[in-house]
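Worksheet: one structure, shown below.
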Amino acid sequence: MPELPEVETIARDLRGLVAGARIVGARSNWPRTLRSHEPDDFAAAVTGREIEGVGRRGKQLLVWLGPGNRRDSAPAPGPEPALAVLTVHLKMTGQIFVVPAGSPEDRHVHVVLALADGREIRFRDIRKFGRMGLYRRDPVTGLPADGEAEGVLATGAEPLSEDFTAATLGRLLSRRRGRLKTLLLNQDFIAGVGNIYADEALWRSRLHPLRDAQSLKPDHARRLHGALRDVLAEAVERRGSSVDDYTAPDGDGSMQEHLQVYQRAGEPCDRCARPIRRIVVGGRATHFCSWCQRLPGEHAPAVRAATGAHPAGRGRRWTDLSGEGVLGRTGGEEARVRRVAANRKAAAIRRAAARSGVGATPPAGTGGIP
Ligand SMILES: [Zn+2]
């Protein structure tokens, strides 16, 4: 899923391409993509509006739309339409392109905004989890006006903002329980950080993903703060990590070539050359170096609980654990395992039924089932 650097890159590209353009129409072929309007109402609500700018909050794009100009000479029936903001959450596979109208379009394009200059903004989304919403805009904050978009935007701190200091992070951490990895993914704690940059920031700050947030000393919080901001800023500079389906209107990023742990399980750690481990925390694959990122001794019970290691194995380190460094399963892996098990069971039942003659055509009156 695109995270802060990827969404920031898209916002910057889009701003350069369409700021000042006027929307002359909209179409949509998948109503669920539009979280606030029916397709026809959405088209009516955006048509005639000028794109004033593009920004970002957490992992979502904000497209600022002007009040629009009524082309018809008749006076407006009601008050002038308010300033609006279009929120765009790309989720797993959402992509945005700006192309000349009439360019080839595949069936994964779900929303199109037609511009007066003959171009189109196209929202393409293979898995269809992406969402757009159109709301009245607070002119000061640029966010949806009060009560307009409850629960749509992240409420956590913006890690690249000026007021996000090491002291701020330290204060936030001291109030929270829970593992660092899980906390970093919580959008109401810090906005914009996802699986890639959580793993990278923890590796850079030498903090174990399972570590309890409350166990961090001020020095640890400073390290994590610096690592988070450094890795996010570097990723913005490199236009994000083009893994999975991410691309931006002006092209791919290159941060994927500079990631030190994410999806590198088994490869040598850039710091100590020991193999990168992969575990699953809260259903999310987690990559780290068990040598560079140590868990304080007093948290060993938490590790044993998480890994199922025998309690008698006191003091066992992650490096001693058996296997490929893969512990636990993600939600998707879990579902696959369940599916395979269910298929096996069904096949075993079919075989058993065939053997005992209790199949699809049991002899009348002689069924083996009472
Ligand atoms: Zn290492």
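The values are calculated or read from the model by the stated rules, or taken from the named source; none is laboratory data. Computed from a predicted model, the values in this text were never measured in an experiment. Cβ coordinates were reconstructed from backbone atoms using ideal geometry, including for glycine residues, and neighbour counts include every protein chain displayed.
Select from the stretch 271-292 the residues that are within 13 Å of Arg204 (Cβ to Cβ) and crowded, with 22+ Cβ neighbours inside 10 Å and write down the one among them that is nearest to the ligand (Cβ to nearest atom).
Cys289
Does Gly297 fit the bill of being surrounded by fewer than 15 Cβ atoms within 10 Å (Cβ to Cβ) and at negative phi?
When the stated conditions are applied, Gly297 passes them.
Residue-by-condition table, conditions (1) at pLDDT below 95; (2) crowded, with 16+ Cβ neighbours inside 10 Å; (3) on the phi < 0 side of the Ramachandran plot:
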{"position": "Leu14", "(1), (2), (3)": "no, yes, yes"}
{"position": "Leu17", "(1), (2), (3)": "no, yes, yes"}
{"position": "Ala21", "(1), (2), (3)": "no, yes, yes"}
{"position": "Glu38", "(1), (2), (3)": "no, no, yes"}
{"position": "Thr47", "(1), (2), (3)": "no, yes, yes"}
{"position": "Arg56", "(1), (2), (3)": "no, yes, yes"}
{"position": "Leu62", "(1), (2), (3)": "no, yes, yes"}
{"position": "Asp72", "(1), (2), (3)": "yes, no, yes"}
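State all residues of the stretch 243-252 that are buried (at least 19 other Cβ atoms within 10 Å of the Cβ) and touching a helix residue (DSSP H, G or I) at 6+ places or on another chain (Cβ under 6 Å); if no residue qualifies, say none.
Passing the criteria: Tyr246, Ala248, Pro249.
Just wondering, is there one or more residues in the stretch 115-134 that are touching a His at 6+ places or on another chain (Cβ under 7 Å) and among the small types (Gly, Ala, Ser)?
yes
Pairs please, first residue from the stretch 271-293 and in a loop (DSSP other than H, G, I, E, B), second anywhere and more than 8 Å from the ligand (Cβ to nearest atom) and among the basic types (Lys, Arg), Cβ atoms under 6 Å, 6+ apart in sequence or on different chains.
Ile276/Arg264; Ser290/Arg277; Cys292/Arg206; Gln293/Arg206
Return the residue satisfying two criteria in turn: it lies in the stretch 23-36 and is small (Gly, Ala, Ser) and crowded, with 19+ Cβ neighbours inside 10 Å, and of such residues it is nearest to the chain's Cα centre (by Cα).
Of everything passing the filter in the stretch 23-36, Ser28 is nearest to the chain's Cα centre (by Cα).
Got at least one residue in the stretch 21-29 being assigned to a helix (DSSP H, G or I) and of a type in the set (Lys, Arg)?
The answer is no, given that none of the residues of the stretch 21-29 is assigned to a helix (DSSP H, G or I) and of a type in the set (Lys, Arg).
Which of the residues spanning the stretch 242-270 are assigned to a loop (DSSP other than H, G, I, E, B), away from the ligand (no atom under 16 Å from the Cβ) and free of Cβ contacts under 8 Å to residues at least 24 places away in the same chain?
Ser242, Asp252, Ser254
Can we say Arg176 is more than 14 Å from the chain's Cα centre (by Cα), more than 30 Å from Arg137 (Cβ to Cβ), surrounded by fewer than 22 Cβ atoms within 10 Å (Cβ to Cβ) and modelled with pLDDT of 95 or more?
Here the answer is no, as Arg176 does not meet what is asked.
Please state which one of Ala201, Ala213 is within 16 Å of the ligand (Cβ to nearest atom) and either touching a residue at least 24 places away in the same chain (Cβ under 8 Å) or aromatic (Phe, Trp, Tyr) (or both).
Unique residue meeting the criteria: Ala201.
Could you say which residue among Leu216, Leu202 is touching a Leu at 6+ places or on another chain (Cβ under 9 Å), of a type in the set (A, V, I, L, M) and at pLDDT 95 or above?
Leu202
For the stretch 93-106, name all the residues that are of a type outside the set (Ser, Thr, Tyr) and touching a residue at least 60 places away in the same chain (Cβ under 8 Å).
Result: Gly94, Gln95, Ile96, Phe97, Val98.
Quick one: which residue in Ile126, Ile196, Ile190 is aliphatic (A, V, I, L, M) and surrounded by fewer than 16 Cβ atoms within 10 Å (Cβ to Cβ)?
Matching residue, one of Ile126, Ile196, Ile190: Ile126.
Is it the case that Ala221 is of a type in the set (A, V, I, L, M) and modelled with pLDDT of 95 or more?
Answer is yes for this residue.
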